[in-house]
Amino acid sequence: MNIFADFNARIVKAVEALDLRDRDGGAVDLSRIAVEPPRDASHGDIATNAAMVLAKPTGQNPRVLAERLAEALHADADIASADVAGPGFVNLRLQDGFWQAHLAVLLGEGRNYGRSTIGGGRKANVEYVSANPTGPMHVGHCRGAVVGDTLANLMAFAGYDVTKEYVINDAGSQIDVLGRSAMLRYRQALGEDISEIPPGLYPGDYLVPVGQALAEEFGLGLLEMPEEEALAIIKDRTVDAMMAMIRGDLALLNVHHDVFFSERTLHADNAKKIRAAIADLTLKGHIYKGKLPPPKGEKPDDWEDREQTLFRSTAVGDDMDRALVKSDGSFTYFAADVAYLKDKVDRSFVDLIYVLGADHGGYVKRLEALARAVAGDTVKLTVLLCQLVKLFRDGEPVRMSKRSGDFVTLRDVVEEVGRDPIRFMMLYRKNDAPLDFDFAKVTEQSKDNPVFYVQYASARCHSVFRQASEQLGEANFDRNRLVASVASLTDEGEIGLIRKLAEYPRLIESAALALEPHRLAFYLYDLASSFHAHWNRGTDNPDLRFVKVNDPQLTYARLGLVQAVSDVLTSGLTLIGADAPTEMR
C-alpha cells in the first residue's frame, strides 16, 4: 500500500469538505495536490502543498487556507498532529498505531510489498544493450545492460507488461568486416600463415575458435566455393557464435532478454518490411523527393548531393529531414530504424524505451520524430542515454579499444569483482551522469561501498533470526505471530524504520514513472543505513536489542520489524538483479 497515495485521497476529501470555489464560482482543480515525505524528518511524517496550490485560484491567503485544512485533518484518527509551516505547507505526524498497523500489512504482503498496478498493464518494450555481434561484450556495454534490465524489472513490478528486447545488428558493413575477419581465422586454422591482421578487420583472438569451428565443419570446402557464397556462410556461423558468446556474457551479469530481434529480417523478401514502413509514412504525408544540405562538420559516408527519398522529420520535431532511400535505390541505415519502430508499434507496444550509449545522442530527436510520424500520440517513446564508465585500478585508468583487440571484457570484470557489485554500482549514479568504477572500492567491506553496506544489512537481518532461534529455542518464526505482536513497537527508532519501509511503494511507482532505476539503489542504501543505525543503538542500549528472552512478545514484534526490513531489501535487490545474502563471507 502506498501510504502517500492513501493520504492524498484523504487530503483531497478534506479539501472537498471545505467547499472551495475558484474565482468564477467553479470547482477547483485538485490534481496539483502533492503528498510526500517532508525534506526534514523532524517536521513530521507527511507534507502536503494543498493550501499552496489552491490559494491563488480560490483567492485565499495560503496560510489561512492551510490552517483551515489542518483543522479539518485533525478529525482523522490516524493523524496525531497537523501543523502549518512556512508560507502554507501542512505537515502531518501520524499515530504510532498507524505505523504498527502498516507494518502488519507489510508483513502480510511479504516480498510483494510495493508491487503496484500503476502501469495499468500497458505494453512496454525496453530495448537495451543491442551491441553489434562483432565480438564479446566489453565493459562499455555494462551500464546500459544494467540500467535497461533493472528498469524493465522495476516497470514489471509496477504493473507494466514489459518485454526486454535486444536488436541484433546483423546487417550492414560491420557484418561484412566480421565475415572477412573470420575468413582469415578459418584459413589460419587450416594451417595458413596469415601474418598480421590487415587494418580495418577485427584482430581479436575471440575469432580464433570460430575459425577452428569452420575448419572442422567444412575442411577446405569454403575455399573451393565462390567467395560471395563462402562469406555468406561464414557470416551466418560467425554471427551465431558471437551471439552465443554475448548471451553467455550477459547471463554472467544476470541479464536476460525476452526477444532477440534480427535486423536482417527487415531486409528479407526484398526488404518487404522496410518498403511497407516507408509506404505507410508516404500515405501519412511524411515522404518526399529532394536533396539534403551537407551536415555541419564531417560528412557521413551515406550523404549524397542528389535527389533522394526523404522523411520530412522536421515537421514532427526533428532538426533536419532524413534520407531513407539513396539515389541508387538502396536503403539508408535509418530506413531500417523506421521499419523496426513500426514493427514494435505493430506488436501493440505503447511505451517504447531505448537505452543507448551517450554517443547515440544524435538519435534522440530523430527517433522521437519517427514515433510521432508512425503512431501519433498512441505511443510514448523515450531514449535514455548512458554516460561512459571509467575504469580504475590502483588509481590508474584502465584503457580499452575494441577494434585493436586490447579491451576489458564484461566477463573480465564480472570474474574479478562479482556480478552484484557491478549491477549495484552501475545504478549508483543517474544514467546520464559520468560514473567511475574502481575495482578496489567496489569490493572493500565498508560503509563506503554501497553494495556491501546494503547486502550486509540483509545478512544482519538473517543473523538476528539465527540468534533468536538459539536463545528462544525455536527453529521457525510464524509470520502471523509476528503480525500479532507489532503493537509492542513504540521506540522512536522502531517507528522510524517503519516510516522508511513505508516509502518503498511510493519509490517503486515514482521510479517506474520517471524511468529512473537509480532511485532504487539510493533507497536501499538509505534503508540499510537506517537499519544499521538502529542496530548500533541496541549495541549501546541492551533494552533496544531485537532479542529479549524475558519478553517474548516484544521480541516477536521486533523480529517482525527485522523480517519487514529483510523483505524490502530482498525485493529491491532482486529488482536490481543482485542477491540478498543470508550471511557475509
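The values are calculated or read from the model by the stated rules, or taken from the named source; none is laboratory data. Bear in mind that the values here come from a model prediction, so they are computed numbers and not experimental data. When we count neighbours, we look across all protein chains shown, and the Cβ atoms used for this are built from the backbone with ideal geometry, even at glycine.
Worth pointing out:
- Qualifying residue in region 55-64 (condition: hydrophobic (A, V, I, L, M, F, W, C) and assigned by TED's automatic domain parsing to the domain that holds residue 26): yes
- Summed over region 365-387, the residues that are part of a helix (DSSP H, G or I) and either under 18 Å from the mean Cα position of the chain (by Cα) or of a type in the set (Lys, Arg) (or both) give a count of 3.
- In region 39-59, the residues that are modelled with pLDDT of 90 or more, surrounded by fewer than 17 Cβ atoms within 10 Å (Cβ to Cβ) and either part of a loop (DSSP other than H, G, I, E, B) or hydrophobic (A, V, I, L, M, F, W, C) (or both): 59
- Taken over region 505-520, the criterion of being farther than 17 Å from residue 1 by Cα and surrounded by 24 or more Cβ atoms within 10 Å (Cβ to Cβ) is satisfied by 517, 520.
- Region 37-80, residues that are touching a residue at least 40 places away in the same chain (Cβ under 8 Å) and charged (D, E, K, R): 45, 68, 76
- Residue in region 288-310 that is closer than 20 Å to residue 515 by Cβ and in contact with a Gly (Cβ under 6 Å, 6 or more places away or on another chain) present: no
- Hey, residue 40 among the acidic types (Asp, Glu) and at positive phi or not: no
- Selection count, region 312-331, where residues are closer than 24 Å to residue 125 by Cα and outside any helix (DSSP H, G or I): 2
- Test: residue in region 260-272 that is surrounded by 13 or more Cβ atoms within 10 Å (Cβ to Cβ), part of a helix (DSSP H, G or I), of a type in the set (S, T, N, Q) and out of contact with any Lys or Arg (no Cβ under 9 Å at 6 or more places or on another chain): no
- Residue check, residue 210 in contact with a strand residue (DSSP E or B) (Cβ under 7 Å, 6 or more places away or on another chain) and either exposed (fewer than 14 other Cβ atoms within 10 Å of the Cβ) or in contact (Cβ under 8 Å) with a residue 24 or more places away in the chain (or both): no
- Count - residues of region 532-567 that are of a type in the set (Lys, Arg) and assigned to a loop (DSSP other than H, G, I, E, B): 2
- Candidates in region 71-116 are the residues that are in a helix (DSSP H, G or I) and aromatic (Phe, Trp, Tyr); of these, the one that is nearest to the chain's Cα centre (by Cα) is 99.
- Any helices (runs of 4 or more DSSP H) falling wholly within region 128-245 and containing at least 1 residues that are aliphatic (A, V, I, L, M) and under 30 Å from residue 338 (Cα atoms): 142-157, 173-189
- Exactly one residue among 458, 469, 446 is surrounded by 18 or more Cβ atoms within 10 Å (Cβ to Cβ), within 22 Å of residue 584 (Cβ to Cβ) and of a type in the set (Gly, Ala, Ser), and that residue is 458.
- Count of residues meeting criterion [under 10 Å from the mean Cα position of the chain (by Cα) and of a type in the set (Asp, Glu)] in region 125-152: 1
- Filter result for residue 579 (within 20 Å of residue 110 (Cα to Cα) and surrounded by fewer than 17 Cβ atoms within 10 Å (Cβ to Cβ)): yes
- Within region 166-191, residues that are under 15 Å from residue 218 (Cβ atoms) and in the same structural domain as residue 227 (by TED's automatic domain parsing) reach partners that are among the aromatic types (Phe, Trp, Tyr) and assigned to a loop (DSSP other than H, G, I, E, B) with beta carbons closer than 9 Å, at six or more positions or on different chains, in the pairs 182/202.
- From the list 111, 21, the lone residue that is modelled with pLDDT under 95 and either surrounded by 15 or more Cβ atoms within 10 Å (Cβ to Cβ) or not aromatic (Phe, Trp, Tyr) (or both) is 21.
- Set 524, 515, 569, 561: member being among the hydrophobic types (A, V, I, L, M, F, W, C), out of contact with any strand residue (DSSP E or B) (no Cβ under 8 Å at 6 or more places or on another chain) and within 27 Å of residue 120 (Cβ to Cβ): 524
The rows are residues; the columns are (1) over 34 Å from the mean Cα position of the chain (by Cα); (2) closer than 19 Å to residue 582 by Cβ; (3) not hydroxyl-bearing (Ser, Thr, Tyr).
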residue: 460; (1), (2), (3): no, yes, yes
residue: 465; (1), (2), (3): no, yes, yes
residue: 476; (1), (2), (3): yes, yes, yes
residue: 483; (1), (2), (3): no, no, yes
residue: 487; (1), (2), (3): yes, no, yes
residue: 490; (1), (2), (3): yes, no, no
residue: 495; (1), (2), (3): no, no, yes
residue: 502; (1), (2), (3): no, no, yes
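- Region 368-391, residues that are in contact with a strand residue (DSSP E or B) (Cβ under 7 Å, 6 or more places away or on another chain) and either surrounded by fewer than 21 Cβ atoms within 10 Å (Cβ to Cβ) or closer than 18 Å to residue 145 by Cβ (or both): 368, 379, 380, 382, 383, 384, 385, 386, 387, 389, 390, 391
- Tally, over region 219-253, of residues that are in contact with a Lys or Arg (Cβ under 8 Å, 6 or more places away or on another chain) and farther than 28 Å from residue 149 by Cα: 2
- Residue within region 476-491 that is of a type in the set (A, V, I, L, M) and surrounded by fewer than 18 Cβ atoms within 10 Å (Cβ to Cβ) present: yes
- Filter result for residue 570 (assigned to a loop (DSSP other than H, G, I, E, B) and either touching a helix residue (DSSP H, G or I) at 6+ places or on another chain (Cβ under 6 Å) or touching a residue at least 40 places away in the same chain (Cβ under 8 Å) (or both)): no
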